[in-house]
Amino acid sequence: MNEEFKDYLTALSEKLKWFAHLSPKFIHLFSMNDAKELQKIVPTLDDGGLLFSELHLLKLKISNCIDMNEACDLMKRNNRYPRAQLVFKYLLTIPVSIATNERSFSKLKIIKNYLRTTMSNERLFHLMLYATEKDKLDQLDLAALASDWGKMKDRRIELSVCQH
């Protein structure tokens, strides 16, 4: 295992330990210290104390969940606890490997090669999106899209010929 990957796993483990008490089995152990540490980890979490209060109010509901999936679903449905919802959302989006990131950079290298160095950021963004979401794009019905586009309001402008 290379050193970069080991460092990544170590950093990930350090962060994940603060999420452990969010599970239904251990929510009763969630502490103010956990909330303060999560405030340091989750980018837009503004107040660890309020997170602690929200989770304190939700402890019974979370502890009644069967697993983390059910707890996350509970958070999705409950908009009254924005900080708790934010933390669970963050937990669900933590990448567990760097393979996805490496694939993205590999695609970037292919797309932005020497011949395309003057490409605008917007175009690069869209090409990267197309390349990384290829499986979803392959499922689109191009004939239906073309038909829908053809049925859209006619946007052509009548041009008149000016004579001098």
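The three principal axes of the Cα atoms in region 33-88 give end-to-end lengths of 28, 19, 17 Å, sorted in falling order. Charge dipole (Cα centre; +1 on Lys/Arg Cβ, -1 on Asp/Glu Cβ; no other charges) of region 3-93 amounts to roughly 380 debye. Placing a pseudo-label 7 Å from each Cα along the Cα-to-Cβ vector at Lys89 and Ser147 gives an inter-label distance of 3.6 nm.
The numbers here are math on the coordinates, done by the rules we state, and not lab data. Remember, predicted model here, so these are calculated numbers, not experimental data. FYI the Cβ positions are ideal-geometry reconstructions off the backbone, even for glycines, and counts take in every protein chain you see.
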